[in-house]
Amino acid sequence: MAHEFIEHLLEDHKAQRRLGAQLRTTKDPQQREELRQEFWEELYPHMIGEEASLFAYMESAGGEAKEEALKAVQEHHVAKMVLRELMDLDVEGDTFMAKAYVLDELNRHHMEEEEETHFPMLQRMAQKEKLDELFEQYEEAEEEVED
Ligand SMILES: [Fe+2]
Ligand SMILES: [Fe+2]
């Protein structure tokens, strides 16, 4: 069983996959409006939290962990840009579905890398106490966004 921090991140990913799948297929404008809000609330604080915790830690460790963290943060950067654009988009317009599709695809690719590379790497690097501390940092950063 993975540390509760990792379990928490995996649960978040599940919600992102579910919402992303709904968002990119729904045609109803009202539903699009609600789903993109839910997707924002699920994805944005999650990224900020990861950056303040596991990726900051991996970056400070140097070497391969740092390289991986820097790439992941750039992927977050792209996801945030597309997410912000989606939030400003007309829910009845032709582009909505295409942008939701691209956002969902890039986020799925990113989550796969985290699950296959970054989380296992983190678990090799960090002991339980460190993971507890990172989980706290994650939650603090997430809460700051939500305030
Ligand atoms: Fe991420
Ligand atoms: Fe993630």
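No value in this document is a laboratory result; all are computed from the given coordinates. Bear in mind the structure is a predicted one, so any value in this text is a computation, not a measurement. Here Cβ is always computed from backbone atoms with ideal geometry, including for glycine, and neighbour counts include all displayed protein chains.
Were the residues from Glu136 through Glu41 laid out at 0.36 nm apart, the gain over their Cα-Cα distance would be 32.3 nm. When the P(r) is computed for the chain, the part past 27 Å accounts for 23% of the Cα-Cα pairs. Which of the listed residues, His76, Pro45, His109, is farthest toward the dipole's positive end in the chain, when Lys, Arg count +1 and Asp, Glu count -1 at the beta-carbon? The one lying farthest along the dipole's positive direction is His109.
Listed by chain and number, the lysines whose C-alpha is less than 26 Å from the C-alpha of Lys99, apart from same-chain residues fewer than 8 away, are Lys14, Lys27, Lys71, Lys80. Based on DSSP H segments of at least four residues, each scored -39500 (n - 2.57), the chain has a per-residue ellipticity at 222 nm of -28000 deg cm²/dmol.
Hey, got a sec? Which GluC sites (Glu not before Pro) in the stretch 52-147 land in a DSSP loop and have at most 15 other Cβ atoms within 10 Å?
Here the GluC sites (Glu not before Pro) that fit, given the DSSP loop and packing criteria, are Glu92.
What you get for the chain, charging only the Cβ of Lys and Arg (+1) and of Asp and Glu (-1), is a dipole of about 640 debye around the Cα centre. Each residue, Glu64 and Arg124, gets one label point 7 Å from its Cα in the Cβ direction; the gap between the two is 0.5 nm. Once C-alpha pairs closer than 8 Å and six or more residues apart are averaged by separation and normalised to the residue number of the chain, the relative contact order reads 38 percent. Note on the stretch 73-147: Cα Rg divided by 2.2 N^0.38 Å, N the number of residues, gives 1.42. Separation of the stretch 92-111 and the stretch 1-32, taken as the distance between their Cα centroids, equals 13 angstrom.
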